[in-house]
Amino acid sequence: MLVAACKKAGYSAKELMVDDWIYETVEKQSFSSAEDVLAAIGYGELKTKQIIDKLVHRYLQTVPKEQVRPQTTKRSSGGNGVLIDGEDGMQVHMCKCCNPLPGDAIIGYITRGRGINVHRADCENVSTLETERLIKAEWSGVAAGKFSATLYVFATSTAAINQTTEVFSGMGVEMTHIAAAVDKDKNVKIEVTIELAGRDELLAVKNKLLQIKTVTDVVRG
C-alpha cells in the first residue's frame, strides 16, 4: 500500500501523496487521475517502489537541503477520528453494513476512486474483500460528532416498544429510525437506528434496555 510505503521510506503520506505528483509519475500511461493511479497500485498493476522513488525525488525538489522535515503526529482524518496506517488526511467512509463506532476495532479497505471504506473488524463482509486492498485503520481518540448504530431489541410484549423509546428519550439518544414486528405468539422484534458518540455510550444504552422486564435480548446490527 502506498501509505505504508511512504512510511517505510521515512516520509509521511502528506509529504509525498500530492495528487499532481502522483499523476506526474505515470502521466504517459492511461490514467486520468491520481485516484486511478492509487487504485492501480492497490490492484498490483503498478510497482509501489517505483512510484515512491519518483515521489521522494519530487518532494526533495521542493525543500531546501538544510531544512529538517517535521515529524508526523497521529491526528484524525477529516474530523472523523480515523487514522489510516497511522496517517491522517485520508478520504474515509464509514460502511453502513456495520456502522463502526469510536472504540470499535476497525479495518480499512482501499476502493477504486472513493477513498477508504472503514469496516468494523468483525464485520462479516470483511471476509469477502480482496485481502491485498485491506489496510490498517484505528481511532485517533479525537472523533467528533455522532455516529449511527442499529440495535435489534427482542421482547415478549408489545409494551416494550414504548418502553424502548422511553429509554432513548431519557438518555438523550436520538433515534433516526424505528420499526417493530410482532409474531403470532406476541413476541416483538424492534429495529432501531440511533446516533451515538461511541461504543461506550452504545453499551450503556444496551444495558439500560436489558433492564426492561420483557426484553430478552439486545443485538447490535
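Overview of values
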read-out	value
Cross-link pairs Lys54/Lys146; Lys146/Lys186; Lys184/Lys208; Lys96/Lys206; Lys186/Lys208; Lys96/Lys213 - those with Cα-Cα distance over 29 Å	Lys54/Lys146; Lys146/Lys186; Lys96/Lys213
Simple spin-label estimate for Thr214 and Lys189 in nanometres, 7 Å along Cα-Cβ	1.8
FRET efficiency, Ala105 to Ile178 (Cβ-Cβ, R0 22 Å, nearest 0.05)	0.20
Computed E for Arg114/Lys14 - FRET, C-beta separation, R0 30 angstrom, nearest 0.05	0.90
Net charge, Ala181 excluded, C-beta distance under 9 Å - Lys, Arg +1, Asp, Glu -1	-1
Ascending count of other beta-carbon atoms within 10 Å, so fewest first, for Met90, Met175	Met175, Met90
Fewest-first sequence of Glu195, Glu166 by Cβ atoms within 10 Å of each Cβ	Glu166, Glu195
Antiparallel bridge percentage (DSSP; both residues within segment 82-139; nearest 5)	80
Under-5 Å amide H pairs with Ser140, H placed in peptide plane, nonlocal only	Val82, Leu83
Estimated inter-spin distance, Cys97 and Ser157, nm [label 7 Å along Cα→Cβ]	3.9
Using θ = phi - 60° and Karplus 6.51 cos²θ - 1.76 cosθ + 1.60, couplings along segment 153-168 (whole Hz; Gly, Pro as x)	9, 10, 8, 9, 8, 5, 4, 5, 5, 5, 5, 5, 5, 5, 4, 5
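A short reminder: the numbers here are calculations on the coordinates, not readings from a lab. Note that the coordinates shown come from a computational prediction; the quantities given were computed from them, not determined experimentally. Cβ: placed from backbone, ideal geometry, glycine included. Neighbour counts: every protein chain shown.
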